[in-house]
1. How far is it, in nm, from the label point at GLU120 to the one at ASP64 when both lie 7 Å from their Cα along the line to the Cβ?
2. Can you pull the Kirkwood radius for the chain, inverse mean 1/r over Cα pairs, to one decimal in Å?
3. Rank these by accessible area, largest first, 1.4 Å probe: ASP64, ASP24.
4. In nm, give the distance between the simple-model label positions of LYS39 and GLU27, each being 7 Å from the Cα along the Cα-to-Cβ direction.
5. Find the accessible area per residue for region 1-130; the probe is 1.4 Å, ligands and nucleic acids are left out, and the unit is Å².
6. Determine the sum of side-chain charges near GLU111: Lys and Arg each +1, Asp and Glu each -1, restricted to other residues whose C-beta is under 13 angstrom from that of GLU111.
7. Percent of accessible area on region 1-92 owned by carbon and sulfur, 1.4 Å probe?
Amino acid sequence: MAIATGSNPRNYKVKAVHHPELFDPFEGRVICGDQPHLKGLGKPRPDIFLLAAELLGRKVGEGDVSLLDAEGEEGKALIEERARGLVLEDSTNGLEAGQRAGMKTIWVPDEKLRALAPNETYGANCILESLEQFKPEEWGLPPYDS
């Protein structure tokens, strides 16, 4: 797993320092929005999630999934690999970025954002009110330790 945040490293560290039990396990696997590879193009572009997947050793290619050759062997392989990715997002821009990356998306919006359009899904595969509702085994991941 990795973290792909639109925040710059300084702002990420300010957030993370208060929750070391959550963020310390991601040491060395954090992509921030100011990475040179992203060229200043953040969410809703898919690049940040593709870069995170590459950091994890996945071969996912570049660009929007809709631009891949779904008929060609390489394009099919990239689409299939991307579909193995799972994005948990709190923003609609991040949700769109995950979808454009070709990954499954779980939206965990702030309750005030959700209240603005309570029936809108923005294409998310799943919507959770809290990360505490996340059940990894429902997504092909190992369950939490009991």
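The values are calculated or read from the model by the stated rules, or taken from the named source; none is laboratory data. In this text the structure is predicted, and so the values were computed from the model without any measurement. Counting neighbours? That spans all protein chains shown, and the Cβs are built from the backbone with ideal geometry, glycine included. For the accessible areas, the whole protein counts, side chains as well, though only heavy atoms, and no ligand, DNA or RNA atoms are used. Shrake-Rupley method; radii C 1.70, N 1.55, O 1.52, S 1.80 Å.
1. Spacing of the two 7 Å Cα→Cβ label points: 1.9 nm.
2. The Cα-based Kirkwood calculation yields 16.1 Å.
3. Per-residue accessible area, sorted high to low, gives ASP24, ASP64.
4. 3.4
5. 61
6. Its environment carries a net charge of -1.
7. 54
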